[in-house]
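*Asks:* Just passing along the structure, written as structure tokens.
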Amino acid sequence: HFQVMMLLLMLMLSVVSLAHNFCYDEEHCDPYAWGDNYPSCHPLLESHHSPINLDHQLMKNQSLDSLHLEGFNLTLKGQWWLTNQGHSVVLELGNGMQVSGGGLPGTYRTIQLHFHWGSVSSNGSEHTLDHLRFPMEMHIVNIKSTHPNLTSALEDPTGLAVKSKSFHFLVGQTKSIRPFPLMNLLPQNNLTQYYRYHGSLTTPPCSQVVLWTVYEVPTYISWAQLFVKRIYSTEELADKQVHLQNNYRHIHPTYGRPVYASKDAKMLTNGVSPLAIFYLFNVLLFIGFLNI
């Protein structure tokens, strides 16, 4: 098994589908150019961007106890839907799960999850721990239950919260997924160890309405769960199929923002060694868990 950075995030991932004309690998539309079309993505105009580096400069907050994850240990009825949106792979979740507690200002409905990853030669997590980048990052997406839709949530500074079989999967393709307990994807023995800060969406329009909850302890996966060579950024009838890789935004400064550690966090002393990270560089999370 291999160790992978896991993030339990609370944010409204549907915004990924609201902005199409951005990319990760071409100079005119990569993350450094997003501000040209989306002013709120400009790092010099706005100061609460994500992702950030998480280091030892954290403030302990004794009020940050365990999050209450309702429905995460259940196998819900119905179908979930997995879609390649061209920028990430998104799993649309049904009803029945919500998150509260842990210092959150309300209850958040869990709606979907997605991933950011690297390539066969580079790591691709969005956040870094002590400047170490992991092979992939998972975002579980939630929206404050008092908001009926995304438009309403984007007007609330805490409206969004982000809690970080082999197949060919092309842009626009959707697969049905049998529901499974989402708790299987989380560091079940370390759920009280996390970091918290206020930031932004990591894709356009980069709205600064996200409460990030970043789990401190990575999760292990196997080589069988690698999918970096099976997700494509091209459509089915394209002349040449191009792999979807390195879909992560660059690190941003905190500009004095407080970054808190939960009362049980070990403050980045969880035994994750540079040697362990070195052997992880092309290991990803996703395939085995979804029972496709």
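The values are calculated or read from the model by the stated rules, or taken from the named source; none is laboratory data. In this text the structure is predicted, and so the values were computed from the model without any measurement. Note that each Cβ is placed from the backbone with ideal geometry, even for glycine, and that neighbours are counted across all protein chains shown.
*Asks:* Select from segment 1-44 the residues that are part of a helix (DSSP H, G or I) and modelled with pLDDT of 50 or more and list them in ascending order. Steps first, answer last, please.
*Replies:* If we filter segment 1-44 for residues that are part of a helix (DSSP H, G or I), which is where we start, we get 13-18, 31-37, 39-41.
Answer for segment 1-44, where residues must be part of a helix (DSSP H, G or I) and modelled with pLDDT of 50 or more: 31, 32, 33, 34, 35, 36, 37, 39, 40, 41.
*Asks:* Here's something else I'd like to know. Could you tell me how many of the residues in segment 193-233 are assigned to a loop (DSSP other than H, G, I, E, B), of a type in the set (D, E, K, R) and at pLDDT 90 or above? Let's see the steps before the verdict.
*Replies:* Residues of segment 193-233 that are assigned to a loop (DSSP other than H, G, I, E, B), as a first pass: 193, 200-209, 216-218, 222, 226-230, 233.
The next check asks that each one be of a type in the set (D, E, K, R); those that pass are 216, 229-230.
Subset that is at pLDDT 90 or above: none.
Residues in segment 193-233 being assigned to a loop (DSSP other than H, G, I, E, B), of a type in the set (D, E, K, R) and at pLDDT 90 or above: 0 in total.
*Asks:* Based on this model, can you work out whether residue 168 counts as at pLDDT below 75, crowded, with 18+ Cβ neighbours inside 10 Å and farther than 19 Å from residue 196 by Cα? Even if it seems obvious, please write down each step before you answer.
*Replies:* Details: at pLDDT below 75: yes; crowded, with 18+ Cβ neighbours inside 10 Å: no; farther than 19 Å from residue 196 by Cα: yes.
Considered against the rule, which asks whether it is at pLDDT below 75, crowded, with 18+ Cβ neighbours inside 10 Å and farther than 19 Å from residue 196 by Cα, residue 168 comes out as no.
*Asks:* Here is a follow-up. Hey, does segment 150-162 have a residue that's in a strand (DSSP E or B), at pLDDT below 85 and surrounded by fewer than 24 Cβ atoms within 10 Å (Cβ to Cβ)? Please lay out each step first, then the result.
*Replies:* Filtering segment 150-162 down to residues in a strand (DSSP E or B) leaves 160-162.
Filter again for at pLDDT below 85, leaving 160-162.
Next cut, surrounded by fewer than 24 Cβ atoms within 10 Å (Cβ to Cβ) only: none.
Looking for residues that are in a strand (DSSP E or B), at pLDDT below 85 and surrounded by fewer than 24 Cβ atoms within 10 Å (Cβ to Cβ), one finds none in segment 150-162, hence no.
*Asks:* While we're here: Please verify whether residue 70 is closer than 30 Å to residue 174 by Cα, within 15 Å of the chain's Cα centre (by Cα), modelled with pLDDT of 80 or more and surrounded by fewer than 21 Cβ atoms within 10 Å (Cβ to Cβ), treating the condition exactly as stated. Quick ask: steps written out before the conclusion?
*Replies:* Details: closer than 30 Å to residue 174 by Cα: yes; within 15 Å of the chain's Cα centre (by Cα): no; modelled with pLDDT of 80 or more: yes; surrounded by fewer than 21 Cβ atoms within 10 Å (Cβ to Cβ): yes.
Considered against the rule, which asks whether it is closer than 30 Å to residue 174 by Cα, within 15 Å of the chain's Cα centre (by Cα), modelled with pLDDT of 80 or more and surrounded by fewer than 21 Cβ atoms within 10 Å (Cβ to Cβ), residue 70 comes out as no.
*Asks:* A further question on this structure: Which residue pairs have Cβ atoms under 8 Å apart, sit 6 or more places apart or on different chains, and have a first residue in segment 74-94 that is closer than 11 Å to residue 175 by Cβ and a second that is outside any strand (DSSP E or B) and small (Gly, Ala, Ser)?
*Replies:* Pairs that qualify, where the first residue is closer than 11 Å to residue 175 by Cβ and the partner is outside any strand (DSSP E or B) and small (Gly, Ala, Ser), are 79/94; 80/94; 83/172; 84/172.
*Asks:* Right, next: Applying the selection to segment 234-249, what residues are modelled with pLDDT of 85 or more and either surrounded by 20 or more Cβ atoms within 10 Å (Cβ to Cβ) or among the acidic types (Asp, Glu) (or both)?
*Replies:* Listed by number, the residues that qualify are 244, 245, 247, 248, 249.
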